1. Restricted to the range B:134-157, and to residues that are assigned to a helix (DSSP H, G or I) and more than 7 Å from chain A (Cβ to nearest Cβ), which residue is farthest from A:ARG115 (Cα to Cα)?
2. Which ones in the range A:26-39 are more than 9 Å from chain B (Cβ to nearest Cβ) and of a type outside the set (Val, Ile, Thr)?
3. Of everything in the range A:1-43, what is of a type in the set (Ser, Thr, Tyr) and in contact with a Phe, Trp or Tyr (Cβ under 8 Å, 6 or more places away or on another chain)? Give them in sequence order.
4. Taking the range A:94-121 as the search range and keeping residues that are closer than 17 Å to B:SER153 by Cα and assigned to a strand (DSSP E or B), which one is most open to solvent (accessible area, probe 1.4 Å)?
5. Looking at A:LEU76, A:LEU3, A:LEU34, can you tell me which residue is under 22 Å from B:ARG155 (Cβ atoms), open to solvent by 50 Å² or more (accessible area, probe 1.4 Å) and of a type in the set (A, V, I, L, M)?
6. Consider B:GLU137 carefully, then state whether it is touching a His at 6+ places or on another chain (Cβ under 7 Å), without any contact (Cβ under 8 Å) to a residue 24 or more places away in the chain and open to solvent by 70 Å² or more (accessible area, probe 1.4 Å).
7. If A:ALA23 satisfies all but one of (1) within 9 Å of another protein chain (Cβ to nearest Cβ); (2) open to solvent by 10 Å² or more (accessible area, probe 1.4 Å); (3) not acidic (Asp, Glu), what's the number of the condition it fails?
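The values are calculated or read from the model by the stated rules, or taken from the named source; none is laboratory data. Here the structure is a predicted model, which means the values were calculated and not measured. So basically every Cβ, Gly included, is an ideal-geometry build from the backbone, and we count neighbours across all protein chains shown. Quick note on the areas: whole protein, heavy atoms, side chains included, nothing else; ligands and nucleic acids left out. Shrake-Rupley method; radii C 1.70, N 1.55, O 1.52, S 1.80 Å.
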Protein chains: 2
Amino acid sequence: MPLSDIADQTCSVARALSVVGDAWTLMVVRELFLGSRRFDEFQTYTGASPHLLSQRLRALEASGVVERSAYQQRPLRHEYRLTEKGVSLWPLIVALREWGDRWEGAHRRETPPVRMTHRDCQGSIRARHVCEVCAAEVPPQEVKVVMSRAAVSARRAARAERKAPRRVRPAKR
Amino acid sequence: MPLSDIADQTCSVARALSVVGDAWTLMVVRELFLGSRRFDEFQTYTGASPHLLSQRLRALEASGVVERSAYQQRPLRHEYRLTEKGVSLWPLIVALREWGDRWEGAHRRETPPVRMTHRDCQGSIRARHVCEVCAAEVPPQEVKVVMSRAAVSARRAARAERKAPRRVRPAKR
């Protein structure tokens, strides 16, 4: 299956990855959250090549994660902002930062590069997974995954397909 | 900057992406959380080619996200499990699922493919970002990002580098 087809899986993780499952794309999203708006800033702070960067920005615009507007006419220059869909990627960036802090930074004996604080009271912010009924914080071990009928059938079909692959061409008569 | 160098940035998001900033890698991690253990299962449910899959599994093992153990000797067969480092990717998978549900699934008029519930009380589980001091749920607009000195210097150096790139070879005398 080519990567472009993962959007067709009956799985929201796969569908999300078809849009943002790429390191450079998420580096640009990080940068937008840090306040960068312009091509030049993305290039400076992500380290991506201009070619790579314009590709990613076009894709992000096409999928509605960023919107582009002109900030200068002669010569024409654009700036980029996160849409509402883009701002909803916040938990993803937070999850990457927390994981990176814990597992890819500890051996460096440094202060975590970025601390996220609550503007009002300066408290640190932490991601929690909370049960909407009992309000408990729930670790992955206590989570039950319930699949929809469509998801269960899709997985059954994937198993059947592996056992007896569809013929690509009809057999010769 | 090649992608392999983003681990050197003074940024935990970049460092995390250097390990898990890839769609197929995260599809394998999703599958591990759904209980798959074997190569054949990963292939069936992710749709990745065998070549791609062994590459990703090797990288995940090398970075300590999964561990491999033999479950059969003749012929030798391995199974894979998430390590503690791997299980800590849970918030990332949850963030992808929530975003995919909201932005890549709504137009499909279907039940979300997967619901995560609290095993004890069947309540739905939701990611929240909470201030550790005042316990308020904090949206990204109320977050203040505080960079460490090292992070600030790294960004200053990136700006200087863009203005006056380092010479790769010394000038001829």
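1. That would be B:ALA157.
2. Selection gives A:GLU31, A:LEU32, A:SER36, A:ARG37, A:ARG38, A:PHE39.
3. If the condition is that a residue be of a type in the set (Ser, Thr, Tyr) and in contact with a Phe, Trp or Tyr (Cβ under 8 Å, 6 or more places away or on another chain), then A:SER12, A:SER36 are the ones that fit.
4. Once the filter is applied, the top-ranked residue is A:ARG115.
5. The match here is A:LEU34.
6. So B:GLU137 fits the description; yes.
7. Status for A:ALA23: all satisfied but (2).
Yes/no per residue for (1) outside any helix (DSSP H, G or I); (2) open to solvent by 40 Å² or more (accessible area, probe 1.4 Å); (3) of a type in the set (A, V, I, L, M):
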site: A:VAL19; (1), (2), (3): no, no, yes
site: A:VAL29; (1), (2), (3): no, no, yes
site: A:TYR45; (1), (2), (3): no, no, no
site: A:HIS51; (1), (2), (3): no, yes, no
site: A:ALA59; (1), (2), (3): no, yes, yes
site: A:GLY64; (1), (2), (3): yes, no, no
site: A:TYR80; (1), (2), (3): yes, no, no
site: A:LYS85; (1), (2), (3): no, no, no
